[in-house]
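Structure, as structure tokens:
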Amino acid sequence: MIELGRGSVNKMAARQSDAPHVQYAFRLGDAEIPVNPLIGQSLRLEYLGAIHCSHCGRKTKTSYSQGYCYPCMQKLAQCDICIMSPEKCHHHEGTCREPAWGEQFCMTDHIVYLANSSGVKVGITRATQLPTRWLDQGASQALPILRVATRQQSGFVEDLLRSQVADRTNWRELLKGEALPVDLVAIREQLFAQCADGLAALQARFGLQAIQLLSDAEPLTFSYPVEAYPTKIVSFNLDKNPVVEGTLLGIKGQYLIFDTGVINIRKYTAYQMAVLQ
């Protein structure tokens, strides 16, 4: 086989372009390797037995928080509990692990959105992360519904809306086939009506400019390069078997779909890997 590249894995680059489908590339260290042209061909991924922290480069036996060593996981703001639960942000209390990082990444506009990946879900992301966030999730449809001034405030909004709609993607359903199209605009209007009192309370607390409803936004649609979906979901685990091999059938979200199983590339951030064809 021919080695296409090797290095420290990051999540795949995903770009929406004029092509019919989302375009993907492996990111191994500083190199990018286009993945779409490999669909329909034999592909081999080899875990080389080492993990180097994405932040400090230290070798670590275990990857924490998708790519960090234990000391970095304990000290970095991007690994704190408020990343998964934004409403628990404690920056205003003066206890943020990295106040400057928090100012840059959390005290900035966030978008609350609806996405249809394995069914409709609500989510949040920095405004600068769209549409990448949707592509990483394998969303076939997406609609921004609110613009919020800070990450913590977006967490409060999401917490309110998830009383009516799910906030997680079912990865197994994601890989079974295309999600059935839904009317995201109608769901947005229904959510706004159901949660009107809660949204008004948040606007009264933080200000009208902090919690803005995006009532005129239009849905976006995305198509993924998949020749065939698996009839049975078998997930590869590089910690148990360092080799993934088979015919690449497609890519969706951060998943590679082989005729032999599926693998979530993002899960193995900071693993040293070789890609061969």
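The values are calculated or read from the model by the stated rules, or taken from the named source; none is laboratory data. Please read all numbers here as calculations on a predicted model, not as lab measurements. Virtual Cβ from ideal backbone geometry, glycine too; neighbours counted across all protein chains shown.
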**Asked** Quick check: is even one residue across the range 245-256 modelled with pLDDT under 95 and surrounded by fewer than 17 Cβ atoms within 10 Å (Cβ to Cβ)?
**Response** no
**Message:** Within the range 165-194, take every residue that is among the polar types (S, T, N, Q) and modelled with pLDDT of 95 or more and give me the one that is nearest to Ala217 (Cα to Cα).
**Reply:** Gln190
**Complete:** Checking Gly67, Gly29 in turn, the sole residue that is within 22 Å of Arg133 (Cα to Cα) and either under 16 Å from the mean Cα position of the chain (by Cα) or of a type in the set (D, E, K, R) (or both) turns out to be Gly67
**Asked** Of the conditions (1) surrounded by 15 or more Cβ atoms within 10 Å (Cβ to Cβ); (2) out of contact with any His (no Cβ under 9 Å at 6 or more places or on another chain), Ala270 fails just one. Which one is it?
**Response** (2)
**Message:** Return the residues of the range 152-192 that are surrounded by 21 or more Cβ atoms within 10 Å (Cβ to Cβ), touching a Ser or Thr at 6+ places or on another chain (Cβ under 8 Å) and over 30 Å from Pro225 (Cβ atoms); say none if nothing qualifies.
**Reply:** Gly155
